[in-house]
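The values are calculated or read from the model by the stated rules, or taken from the named source; none is laboratory data. From a predicted model like this one, the values you see are computed outputs, not experimental measurements. Cβ placement follows ideal geometry from the backbone for every residue including glycine, while neighbour counts extend to all protein chains displayed. For the accessible areas, the whole protein counts, side chains as well, though only heavy atoms, and no ligand, DNA or RNA atoms are used. Shrake-Rupley method; radii C 1.70, N 1.55, O 1.52, S 1.80 Å.
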Amino acid sequence: MKALYTATATVHGGREGSVASSDGVLKHELSMPKELGGAGGNGTNPEQLFAAGYGACYESALANVARQVGVKLNDVEVTSNVMIGKDESDGGFRLAARLDIKLPGIEREQAEELAKKAHEFCPYSKATRGNIEVELNVI
């Protein structure tokens, strides 16, 4: 693959440290959620960052596939839910995702078809395919 863009972020201190992008635009403290045994706090976490990236990428893919078939989208909303849980196969952890997709004014059958096509097109969906469970939930 010929890279068109490379995003670079550096983490210090893992889940209870900080993260910053090489251009300084992204700069966050990280906190371990209480649900994972941490103290919680005001910092973000890897799951929130992944959810934000996946949701933004997927919504752009959705706009692209809609344009390709001549469908005009208005007030689209994608809520990306990234879950972490125990992986019974090795005692570690694993991820799953659910994308809640709102396509106002689009009939359900067409909305579901657009959602599936976007899932085939989205780079995040391609990266996760076969690795984590991803549910498409058209609302």
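Can you confirm whether GLY105 is among the small types (Gly, Ala, Ser), in contact with a Leu (Cβ under 9 Å, 6 or more places away or on another chain) and on the phi > 0 side of the Ramachandran plot? Criteria met by GLY105. The set of residues in the range 29-74 that are part of a loop (DSSP other than H, G, I, E, B) and open to solvent by less than 30 Å² (accessible area, probe 1.4 Å) comprises SER31, PRO33, GLY38, GLY40, GLY43, ASN45, VAL71.
Restricting THR6, THR44, THR10 to those that are over 15 Å from TYR124 (Cβ atoms) and within 17 Å of the chain's Cα centre (by Cα) reduces the list to THR44. Note on the range 75-139: enclosed strands (runs of 3 or more DSSP E) holding 3 or more residues that are over 14 Å from GLY53 (Cβ atoms), open to solvent by less than 30 Å² (accessible area, probe 1.4 Å) and of a type outside the set (D, E, K, R) are 92-102.
Pairs are defined by a Cβ separation below 8 Å, a sequence spacing of at least 6 or placement on different chains, a first member in the range 70-84 that is touching a residue at least 24 places away in the same chain (Cβ under 8 Å) and under 19 Å from PRO46 (Cα atoms), and a second member that is surrounded by 13 or more Cβ atoms within 10 Å (Cβ to Cβ) and of a type in the set (S, T, N, Q); the pairs so defined are VAL82/GLN48.
Among the residues of the range 1-15, those that are closer than 15 Å to PHE50 by Cα and in a loop (DSSP other than H, G, I, E, B) comprise ALA7, THR8. Cβ-Cβ distances below 7 Å connect the following pairs, each with a first residue in the range 110-139 that is within 10 Å of TYR58 (Cβ to Cβ), a second residue that is open to solvent by 90 Å² or more (accessible area, probe 1.4 Å), and a separation of six or more residues or different chains: LEU136/LYS116. Against the condition touching a strand residue (DSSP E or B) at 6+ places or on another chain (Cβ under 9 Å) and surrounded by fewer than 13 Cβ atoms within 10 Å (Cβ to Cβ), how does GLY13 come out, does it pass? Here the answer is yes, as GLY13 does meet what is asked. In the range 100-119, the condition of being of a type in the set (A, V, I, L, M) and within 30 Å of GLY37 (Cβ to Cβ) is met by no residue.
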